[in-house]
Amino acid sequence: MLSVDKAVVVKALKDLSAYLQLNGENAFKVRAYDIAAERIASLTDDLGAMVEQHTLTSLPGIGESIAKKIEELATTGKMSALDEIRAKFPPRILELMTVPDLGPKKARALFEQLGVGSLDELEKACQEQRVRTLKGFGQKTEEKLLANLAVARRAASSGGRRRLGDVLPQAEALLAWIRQAPGVVRASLGGSVRRQRETVADVDILASAPDPQPVFAHFQRYPAIGEVIGAGESKSSVRLKESDLQVDLRVLPDEDFASALHHFTGSKAHHIKLRGLALEKGLTISEWGVHRMKAGDNAAAKAGVAKHESAEAKLPIRDEADLYALLGMQYVPPELREDWGEIEAALAHTLPVDLITASDIVGNVHAHSTWSDGMNSLEEMARAAKALGLTWFTVTEHSQTSGYAGGLSIDKLKQQWDEIDRVNETVKGIRLLKGVESDILEDGSLDYPDSVLEQLDVVIGSIHQRYSQDEEQMTRRMLNAFDNPFLHIWGHPTGRLIGKREPAPMRMEEILDKAAKKGVTIEVNGCPDRMDLSPEHVRKALERGLKLVISTDAHSVSELSAHLPFAIASARKGWARVGDVVNAREVKQFLKAIRRS
């Protein structure tokens with residue numbers, strides 16, 4: 001059967017979309033390739049089989065033309081349409097579109113009029129004050145581009161770190177492959193992927209087996225591997241073809257699996273503290289296991305003598321909970337191992353034991369359908385949510401100010417209410433709530449009148465435009481917004497896009513204080529681009545007694561499930577419990593929780 005790397009196909013479709021935008025093609029044609037990329041990325045069926053059977057057009061949004069391009073790439077390794085349009089531009093021109101607020105029209109103007117085709121060339125043009133001479137740019141735009149160049153460079157040079165949302169699907173696919181290897185007893189992800197950091201540098205996988213060599217042989221047959229960059233008795237390192245992602249696999253005897261998994265999960269700061277605690281109890285902790293030291297060898301261990309050389313007995317560690325128990329601690333979940341106070345709490349046995357999980361969520365908050373910029377109809381979204389086991393679903397399209405995202409006028413919003421009533425009658429077992437994601441304008445007002453907002457079950461207030469405001473302006477904007485009694489939920493609060501846009505400048509603690517005073521609920525947004533709030537701000541919100549919603553910000557059926565883990569990760573890293581999350585409650589309790597008194 002034909003083996004096709006989904007990541008290669010998705011990247012090719014996204015690149016073609018970007019080049020079409022640079023070429024000035026119409027928005028509908030461009031969007032078709034973006035939709036196709038999203039369809040392929042979320043595909044659960046075997047892509048190779050669909051190519052061989054010529055069934056790609058059965059996927060919504062993929063027509064005959066795009067299907068042929070995918071088949072060409074899958075069978076020949078090339079997509080001629082992409083090659084042809086790429087040849088019209090400098091090889092690094094897509095770098096320009098990583099600069100915040102630099103869209104395809106301006107990127108094309110820079111290329112055509114100044115010959116700018118890379119970040120370096122853009123920086124030089126700005127420094128030489130040539131950009132300000134172009135129509136539609138000016139001095140302020142030039143200065144802003146220079147500042148945003150720094151953001152783009154930080155994203156590109158952040159130690160090779162990538163969004164968790166990009167890496168996790170690749171890591172999980174590899175883990176599933178390794179679990180099929182002959183002799184594997186246990187296998188798990190490690191490192192910052194397992195700790196669910198927002199960005200990660202590479203992938204660590206741990207496996208146990210009697211003989212590591214068959215496991216390594218199976219690992220190296222994984223179709224997406226581009227090269228083997230290291231191979232030893234207990235470790236093999238590879239680089240994936242398309243993403244250039246490094247993956248390190250360690251295989252060891254099962255008796256060492258738990259201690260090695262703990263060691264290679266990290267974080268370093270968490271481990272350093274644990275080792276100090278272990279020494280006080282006459283123990284050493286390392287990737288080789290937990291050992292009880294010989295009498296008098298405590299000083300030697302502190303001096304750096306190898307753990308296994310300064311040990312009397314290796315203690316059996318079946319799982320990571322055993323390791324923490326030896327130190328008199330609660331088990332610390334991987335997401336919490338950052339030395340953010342979790343060790344002290346675990347020693348005092350005050351660490352939360354009921355952290356939120358995906359299975360606790362009973363209602364979806366924040367979603368978009370074809371009424372605005374979503375990919376699926378309202379009924380399709382409702383049926384998909386029901387299939388996931390949810391009992392209620394908020395309908396929150398973009399509002400009238402977000403015309404670029406198909407935002408609804410007041411008349412269109414009211415027309416949608418009729419559609420919601422129809423779906424509630426048609427699709428039994430799930431209740432749709434009438435809501436909206438209303439834009440928070442520059443002065444903090446919402447872009448619908450109160451007479452409309454008061455008729456809705458759920459109002460999410462979000463900032464989508466005018467991120468150029470300074471800290472004072474942005475802070476005042478949010479403080480004013482919370483004065484509106486019909487704003488129930490603050491959506492994607494800081495507005496960040498990981499690696500693309502910095503969080504909006506604002507005095508977050510002052511804003512959270514006002515939210516607590518006014519009874520506003522705070523969103524933890526699971527869109528992989530956002531993962532907003534950050535764990536740090538989740539902790540600050542919870543310290544003030546604020547309630548959270550775990551939201552998907554789903555724009556398609558597939559995103560209802562695909563985005564949830566990222567919101568859960570942010571909430572768990574911020575120590576959110578089940579009781580802190582209002583959409584872990586049935587609909588009546590949810591509506592009561594978000595109502596402003």
| Test: Arg577 is more than 30 Å from Arg39 (Cα to Cα), charged (D, E, K, R), surrounded by fewer than 23 Cβ atoms within 10 Å (Cβ to Cβ) and touching a helix residue (DSSP H, G or I) at 6+ places or on another chain (Cβ under 7 Å) | no
| Residue satisfying condition, being closer than 15 Å to Gln400 by Cα, among the charged types (D, E, K, R) and either in a loop (DSSP other than H, G, I, E, B) or touching a residue at least 24 places away in the same chain (Cβ under 8 Å) (or both), within set Asp443, Asp483, Asp439 | Asp439
| request: Within the stretch 495-517, identify whether any single residue is outside any loop (DSSP other than H, G, I, E, B), of a type in the set (Lys, Arg), free of Cβ contacts under 8 Å to residues at least 40 places away in the same chain and not assigned by TED's automatic domain parsing to the domain that holds Val99, and answer yes or no. | output: yes
| request: Would you check if Ala147 is among the small types (Gly, Ala, Ser), within 26 Å of Gln469 (Cβ to Cβ) and buried (at least 18 other Cβ atoms within 10 Å of the Cβ)? | output: no
| field | Answer residue from the stretch 139-175, given it is assigned to a helix (DSSP H, G or I) and at pLDDT below 80 and is farthest from Phe566 (Cα to Cα) among those | value | Ala150
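So how many residues does the stretch 122-135 have that are over 14 Å from Glu112 (Cα atoms) and within 34 Å of the chain's Cα centre (by Cα)? If you could, list the steps in order and put the result at the bottom.
Pass one, the stretch 122-135, residues over 14 Å from Glu112 (Cα atoms): 123-124, 126-129, 132.
Cutting the leftovers down to within 34 Å of the chain's Cα centre (by Cα) gives us 123-124, 126.
The qualifying residues number 3.
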| field | Selection count where residues are crowded, with 18+ Cβ neighbours inside 10 Å, under 22 Å from the mean Cα position of the chain (by Cα) and of a type in the set (A, V, I, L, M), scope the stretch 365-393 | value | 7
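For the stretch 1-41: of the residues being polar (S, T, N, Q) and crowded, with 18+ Cβ neighbours inside 10 Å, which is nearest to Gly115 (Cα to Cα)? Don't jump to the end; show me each part of the working.
Step one: list which residues in the stretch 1-41 are polar (S, T, N, Q), which gives 3, 17, 21, 23, 26.
Next cut, crowded, with 18+ Cβ neighbours inside 10 Å only: 17, 21.
Numbers: Ser17: 21, Gln21: 18 Å.
If we take residues in the stretch 1-41 being polar (S, T, N, Q) and crowded, with 18+ Cβ neighbours inside 10 Å, then Gln21 is nearest to Gly115 (Cα to Cα).
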| said: For the stretch 458-470, check the following and say yes or no: at least one residue is at pLDDT 95 or above and more than 20 Å from Ser402 (Cβ to Cβ). | reply: no
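It is to be established whether one or more residues within the stretch 542-565 are under 24 Å from Leu351 (Cβ atoms), of a type in the set (Gly, Ala, Ser), crowded, with 18+ Cβ neighbours inside 10 Å and in contact with a helix residue (DSSP H, G or I) (Cβ under 8 Å, 6 or more places away or on another chain). First the steps, then the outcome.
Restricting attention to the stretch 542-565, the residues satisfying the condition of being under 24 Å from Leu351 (Cβ atoms) are 542-550, 564-565.
Applying the additional criterion that residues be of a type in the set (Gly, Ala, Ser) yields 545.
Then keep just the ones that are crowded, with 18+ Cβ neighbours inside 10 Å; that gives none.
So far as the stretch 542-565 goes, no, none of its residues is under 24 Å from Leu351 (Cβ atoms), of a type in the set (Gly, Ala, Ser), crowded, with 18+ Cβ neighbours inside 10 Å and in contact with a helix residue (DSSP H, G or I) (Cβ under 8 Å, 6 or more places away or on another chain).
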| From the list Gln465, Gln469, which one is of a type outside the set (Val, Ile, Thr), out of contact with any strand residue (DSSP E or B) (no Cβ under 9 Å at 6 or more places or on another chain), surrounded by fewer than 21 Cβ atoms within 10 Å (Cβ to Cβ) and not assigned by TED's automatic domain parsing to the domain that holds Glu198? | Gln469
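Taking the stretch 341-354 on its own, how many of its residues are out of contact with any Phe, Trp or Tyr (no Cβ under 7 Å at 6 or more places or on another chain) and either on the phi > 0 side of the Ramachandran plot or crowded, with 19+ Cβ neighbours inside 10 Å (or both)? Break it down stepwise before answering.
Looking only at the stretch 341-354, we keep the residues that are out of contact with any Phe, Trp or Tyr (no Cβ under 7 Å at 6 or more places or on another chain), and these are 341-345, 347-351, 353-354.
With the extra rule that they be either on the phi > 0 side of the Ramachandran plot or crowded, with 19+ Cβ neighbours inside 10 Å (or both), the set shrinks to 341-343, 349, 351.
Qualifying residue count for the region: 5.
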| request: Considering each of Glu280, Glu233 in turn, give the residue that is exposed (fewer than 14 other Cβ atoms within 10 Å of the Cβ) and in contact with a Pro (Cβ under 9 Å, 6 or more places away or on another chain). | output: Glu233
| query | β-branched (Val, Ile, Thr), buried (at least 16 other Cβ atoms within 10 Å of the Cβ) and under 24 Å from Met506 (Cβ atoms) - does that describe any residue in the stretch 417-435? | reply | no
| field | helices (runs of 4 or more DSSP H) contained entirely in the stretch 518-576, each with at least 1 residues that are under 23 Å from Asp339 (Cβ atoms) and touching a strand residue (DSSP E or B) at 6+ places or on another chain (Cβ under 7 Å) | value | 535-543, 564-573
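The values are calculated or read from the model by the stated rules, or taken from the named source; none is laboratory data. The model shown is predicted, which means the values in this text are computed figures rather than measured ones. FYI the Cβ positions are ideal-geometry reconstructions off the backbone, even for glycines, and counts take in every protein chain you see.
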